[in-house]
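Computed from the coordinates by the stated procedures, all read-outs in this text should not be read as laboratory data. Keep in mind that this is a model prediction, so the values were computed, not measured. A quick note on method: Cβ atoms are made from the backbone with ideal geometry, for glycine too, and the neighbour counts reach across all protein chains shown.
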Amino acid sequence: MVTLRDVARAAGVSLATASRALSDAPHVSAGNREHVLRTADELGYRPHHAARSLTTGSTATVGLVVPDLANPFFAAVAKGVQARARETGREVLVADTDEDATLEQDVVGRLGARVDGLVLCSPRMPSDALATHAASGRVALVNREAPGAPSISFDIADGVRQAVAHLRALGHRDVAYAGGPRSSWSDAERRTALAGVTGGGTGDVLDLGSFRPTHGGGVQAADLALAAGATAVLCFNDLVALGVLARLHARGARTPQDVSVVGFDDVATAALVTPALTTVAVPLARAGREAVDLLGAGAIPDAPPAHRRLPVELVVRASTAPAPAGSSPTRTADPEVVIR
């Protein structure tokens, strides 16, 4: 194992100079710093983070907390976090909270003491609890916005507008929404956007309810969509959409001839199923990378937290088609479950 002393000896500098150069400390000339860094790279030197944290107060580690690593949405964000952390010489500790808001708060409290900063992806905890953690100045959010915390989110409203406009252009008037968890900030954003694009003679969107953001949640939603006579279903995410596709097929309903289906996120499997899923593409890996950069921005005194909304794009594939001939804009749904 190559040590700091080996690097100093090979570079022909003192141990103190090698340490300052590798930790980006002051009082080292640019020439010496470059020489030491190049020597360390040639020798394959890797700093001992635990030892360095004792002298610098930094662990060179970022924490990432996600609701469910089995969901490819969070796996894609994690890859972005990992890639950016690696480029900046940091490691990543990942925790999965299994969609449990109470467990999430406990994990954030314990993990926060072991890392330099935390990236919280789609946190489910209440706003007041989130504000408490954000007050530390060591938290960045992905797919949620909250006062006092820097965040990377997506233009969900534009994604909803694109999806609904696409379905309306295909002649669909009986459109249903299969929602996500009630604790999900992004589900609330979708519902707000849906309320803004309905009406005006284009028809309302039937709210099928809230479901787990999984394949099983989509199976449950599909039965309700068929019972309501929907000709199109907009889903909270791609996993729900894949469950809807599977259940429609099992029930003998053809996609897209009888019912069109639109997802959200454009995870890798969306293009691999039959029919390939029309969905709103979200830059997940980019969000993870930019969240790591926001952690560094939090070190600037008195700087307001940055909030970035990344653009999204509808990707049209084979799961959407013109509404069935003779479909009617009437439905028997309870008007209390119509998004207006």
* Ratio Rg/Rh, restricted to the range 89-172 and using Cα atoms, in which Rh is the Kirkwood radius -> 1.13
* the range 221-294 pair-distance distribution - Cα-Cα, 10 Å bins, rounded % -> 20, 47, 20, 10, 4
* Asked: Points 7 angstrom from Cα along the Cβ direction at Thr3 and Ala83: gap in nanometres?
  -> 3.8 nm
* Could you run the Karplus curve 6.51 cos²θ - 1.76 cosθ + 1.60 with θ = phi - 60° over the range 103-113 and give me ³J(HN,Hα) per residue in whole Hz, x for Gly and Pro? => 4, 4, 4, 5, 5, 4, x, 6, 5, x, 6
* Share of pairwise Cα separations in the range 149-214, more than 18 Å, in percent -> 38 percent
* Structure fact -> Within the under-13-Å Cβ sphere about Arg289, not counting Arg289, Lys/Arg +1 and Asp/Glu -1 give a net charge of +3
* **Approximate shape of the range 4-47 as ellipsoid semi-axes (Cα gyration tensor, √5λ), whole Å, largest first** => 14, 10, 10
* How high is the relative contact order of the chain, in percent, counting Cα pairs under 8 Å that sit 6 or more residues apart? -> 18 percent
* Mind sorting Thr97, Thr214, Thr132 by how few other Cβ atoms lie within 10 Å of their own Cβ, fewest first? => Thr132, Thr214, Thr97
* Given H placed on each backbone N at 1.01 Å, which residues far from Arg309 in sequence or on other chains put an amide H within less than 5 Å of it? -> Ser153
* Using amide H atoms built 1.01 Å from N in the peptide plane, name the residues 5+ places from Val94, or on other chains, whose amide H lies under 5 Å from its own. => Leu64
* Any idea what Rg and Dmax come out to for the chain if you just take the C-alpha atoms, in Å? -> 24.4, 83
* Structure fact -> In whole percent, the Cα-Cα distances of the range 104-153 spread across 10 Å bins from 0 upward as 27, 65, 7
* Sequence of Thr320, Thr269 once ranked by neighbouring C-beta atoms within 10 Å, starting from the fewest -> Thr269, Thr320
* **Per-residue Cβ neighbour rank within 10 angstrom, fewest leading, His172, His27** => His27, His172
* To do: Could you pull out every residue, at least 5 positions away or on a different chain, whose amide H is within less than 5 Å of the one on Leu118? Hs are placed 1.01 Å off N in the peptide plane, and Pro or chain starts have none.
  => Gly63, Val139, Ala140
* Asked: How large is ³J(HN,Hα) for each residue in the range 143-156, as worked out from phi by the Karplus curve 6.51 cos²θ - 1.76 cosθ + 1.60 (θ = phi - 60°), to whole Hz, x for Gly and Pro?
  -> 6, 6, 10, 7, x, x, 10, x, 8, 10, 10, 10, 7, 4
